[in-house]
Amino acid sequence: MKRRRVGVLISGRGSNMAALVDAARDPACPAEIVCVVSNRPDAAGLEFARSRNIPTHVVDHKRYASRESFDAALNAYLQSQNLDLIACAGFMRIMTPVLLEPWAGKMINIHPSLLPLYKGTHTHERALADGVKVHGCSVHYVTAELDSGPVIAQAEVPVLPGDTPETLSQRVLVEEHKLYPKALAMVANRLT
Ligand code: GRF
């Protein structure tokens, strides 16, 4: 089995990145996390990656005058790592074609809703406001339109009476941490 080289993009806490790193410690996992990259120097997830001896890199978006120049710098680093796949994990940047085109079909993301429902932010608040009985999370390919690329895998989470955005997000997050490693392995196995 060929292990695929995966870079993970984060902006903050990095709990999904941590789930991917921990799953990839199994030598039978078809994905190997070779770098963790953040657009924020203070992203808490960077510390976790360092603690697991995963190389980290920061491309600080505040140091670039345009989205395109930031994306070009990020793409240059990602290209230098000979990656097969990129996994976005709470990476809070709108991407331009400068970054999207070179990685088309090779970049995936996790989103806290059952897409195509609740694209964008505040997904748990919106689901509760609508009174849905089932919520969840999705892993999808990243395309130009936000949270709209082909869905790879989903997990459902029941909405319970009395749920708040916080309680619901915590239960969804538990599923995210199971779903993302499985979906990444599926995608890695599919690469020819
Ligand atoms: C997760 O809920 C993920 O679905 C969304 O952003 C959040 C990131 O959390 N895209 P973490 O940084 O992985 O802990």
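Computed from the coordinates by the stated procedures, all read-outs in this text should not be read as laboratory data. All of these numbers come straight from a predicted model, not from anything done at the bench. Note that we place each Cβ from the backbone using ideal geometry, even for glycine, and neighbour counts take in every protein chain shown.
With the requirement that a residue be under 16 Å from the mean Cα position of the chain (by Cα) and more than 16 Å from the ligand (Cβ to nearest atom), what does the range 76-87 give you? So that I can check it myself, show each step before the final result.
Pass one, the range 76-87, residues under 16 Å from the mean Cα position of the chain (by Cα): 78, 83-87.
If the condition is that a residue be under 16 Å from the mean Cα position of the chain (by Cα) and more than 16 Å from the ligand (Cβ to nearest atom), then L78, L83, D84, L85 are the ones that fit.
Output the number of the condition that E176 fails; it satisfies all remaining conditions of (1) touching a residue at least 40 places away in the same chain (Cβ under 8 Å); (2) of a type in the set (D, E); (3) surrounded by fewer than 21 Cβ atoms within 10 Å (Cβ to Cβ).
(3)
Among the residues of the range 106-116, are any surrounded by 13 or more Cβ atoms within 10 Å (Cβ to Cβ), within 16 Å of V142 (Cα to Cα) and basic (K, R)? If you could, list the steps in order and put the result at the bottom.
The first filter runs over the range 106-116 and keeps only residues surrounded by 13 or more Cβ atoms within 10 Å (Cβ to Cβ), leaving 106-115.
Right, trim to within 16 Å of V142 (Cα to Cα) and you get 106-115.
Going one step further and asking which of them are basic (K, R), we end up with 106.
The answer is yes, given that some residue of the range 106-116 is surrounded by 13 or more Cβ atoms within 10 Å (Cβ to Cβ), within 16 Å of V142 (Cα to Cα) and basic (K, R).
Restricting to the range 4-23, what's the tally of residues that are closer than 13 Å to I54 by Cβ and touching an Asp or Glu at 6+ places or on another chain (Cβ under 6 Å)?
Looking only at that region, the number is 1.
How many of the residues making up the range 132-146 are surrounded by fewer than 20 Cβ atoms within 10 Å (Cβ to Cβ) and in contact (Cβ under 8 Å) with a residue 12 or more places away in the chain? Step through it out loud before you land on a result.
Filtering the range 132-146 for residues surrounded by fewer than 20 Cβ atoms within 10 Å (Cβ to Cβ) gives 132-134, 141, 143-146.
Retained after the next criterion (residues that are in contact (Cβ under 8 Å) with a residue 12 or more places away in the chain): 132-134, 141, 143-144, 146.
Of the residues in the range 132-146, 7 are surrounded by fewer than 20 Cβ atoms within 10 Å (Cβ to Cβ) and in contact (Cβ under 8 Å) with a residue 12 or more places away in the chain.
Hey, E166 hits all of (1) over 29 Å from D42 (Cβ atoms); (2) in contact with a helix residue (DSSP H, G or I) (Cβ under 9 Å, 6 or more places away or on another chain); (3) charged (D, E, K, R) but one; which does it fall short on?
(1)
Among (1) aliphatic (A, V, I, L, M); (2) under 21 Å from A49 (Cβ atoms); (3) in contact with a strand residue (DSSP E or B) (Cβ under 8 Å, 6 or more places away or on another chain), there is one condition A127 misses while meeting the rest; what is its number?
(2)
Check A72, A44 and return the single one that is surrounded by fewer than 19 Cβ atoms within 10 Å (Cβ to Cβ) and within 14 Å of I10 (Cβ to Cβ).
Details: A72 fails: within 14 Å of I10 (Cβ to Cβ).
Just a single option satisfies the conditions, and that option is A44.
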